[in-house]
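Taking it in order: structure first as structure tokens, then the write-up.
The values are calculated or read from the model by the stated rules, or taken from the named source; none is laboratory data. Just so it is clear, the structure is predicted and the values come from calculations on it, not from any experiment. With ideal geometry, Cβ positions are generated from the backbone for all residues, glycine too; neighbour counts draw on all protein chains shown.
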Amino acid sequence: MLRSYEDDDAGLGVEKLMKRYYRTVKEINTLNNMLLQLFQEAILYADAPAKVYPLNKRFQVRNDFIEVTHDEVFVNYPFALLEIFLLIQQHPEIKGIRAATIRLMIHYNYLIDNVFQKDLRARSLFFEIFREPKGLTHVLRRMNRYGILAAYIPAFGKIVGQMQFDLFHAYTVDQHTLFLVRNLRRFSFAKFHHEFPFCSKLMGSIPKPELLYLAGFFHDIAKGRGGNHSELGETEALNFCKAHGLSDTPPVEEKTAAASAAPVVA
């Protein structure tokens, strides 16, 4: 068993061991939260009246938790695997996703394949999530928790649970990445302008801040593979941009902002 955790060119054996550990803990945490929610529904609030209202023909809200309207939603509308997160952003009253729907999402995330990634609706939804003015960090964490990010961007799946045992890394690479996106987002909120006024001013001058968020999302995407992660990550980012119809030459102001903000957010 321990032979699979030996050092090699791609990384240390202890990093491989901890990667498996963190991924296992993440799965257990998800299952535990689902179980607790089911207990609450079946025992604590079994006699409470249900408050249900529709969002569209695919989703509705039941007692402040979003759910599918029927069990075939993700089979009939695979893009709904992304749509659910956009709806959470657009409806801040939603507290979470019902356990039965989480189970369906995890079961059907295999539908996020090459065909899915080329679907215009799926691509549009992914970018709408990054453009939405509120809730980006929260839904990215949910997407990571339920394996949706790893399915849509396989390169991200490789860094989930990835630790690097040196003086500069206290978090797994996926968590570090989401923290970075959160810090970039803080520059855009007026209540945080006093923290880094220069960065906040730059952020306000960027016409498409979602591109900067994506740059932050991809900045460590190739960690743990061995070799130069910056060069490997650049290739991943360029492939993503080309596949999604983005220019490989971002506007000057976005390059400037990225260069100026990098020491702060990284």
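Checked against the criterion of being aromatic (F, W, Y) and more than 25 Å from E27 (Cα to Cα), segment 214-229 contains not a single residue that satisfies it.
Applying a threshold of 8 Å to beta carbon distances and a minimum spacing of six or more residues, or different chains, the list of pairs starting in segment 219-247 at a residue that is part of a helix (DSSP H, G or I) and ending at one that is of a type in the set (D, E) and surrounded by 15 or more Cβ atoms within 10 Å (Cβ to Cβ) reads H229/D220; G233/D220. Only helices (runs of 4 or more DSSP H) whose full extent lies in segment 127-218 are considered here, and the ones with at least 1 residues that are at pLDDT below 95 are 154-159, 173-186, 197-204, 209-218.
Filtering segment 141-185 to residues that are within 25 Å of F116 (Cα to Cα) and in contact with a strand residue (DSSP E or B) (Cβ under 9 Å, 6 or more places away or on another chain) leaves R142, Y146.
Segment 35-93 holds strands (runs of 3 or more DSSP E) entirely within its bounds, and those carrying 2 or more residues that are farther than 20 Å from L140 by Cβ, within 22 Å of the chain's Cα centre (by Cα) and modelled with pLDDT of 95 or more map to 65-68. Remark: pairs (first residue in segment 125-144, under 14 Å from L184 (Cβ atoms) and among the hydrophobic types (A, V, I, L, M, F, W, C); second residue surrounded by fewer than 19 Cβ atoms within 10 Å (Cβ to Cβ) and at pLDDT below 95; Cβ separation under 9 Å; 6+ apart in sequence or on different chains) = F130/E210; L136/E210.
If you check L81, L86, which single one turns out to be within 23 Å of I112 (Cβ to Cβ), surrounded by 12 or more Cβ atoms within 10 Å (Cβ to Cβ) and in contact with a Phe, Trp or Tyr (Cβ under 7 Å, 6 or more places away or on another chain)?
Numbers: L86 fails: in contact with a Phe, Trp or Tyr (Cβ under 7 Å, 6 or more places away or on another chain).
Selected residue: L81, the only one of L81, L86 that is within 23 Å of I112 (Cβ to Cβ), surrounded by 12 or more Cβ atoms within 10 Å (Cβ to Cβ) and in contact with a Phe, Trp or Tyr (Cβ under 7 Å, 6 or more places away or on another chain).
Checking each residue in segment 28-63 for being in contact with a Phe, Trp or Tyr (Cβ under 7 Å, 6 or more places away or on another chain) and either on the phi > 0 side of the Ramachandran plot or not β-branched (V, I, T) (or both) picks out R58, Q60.
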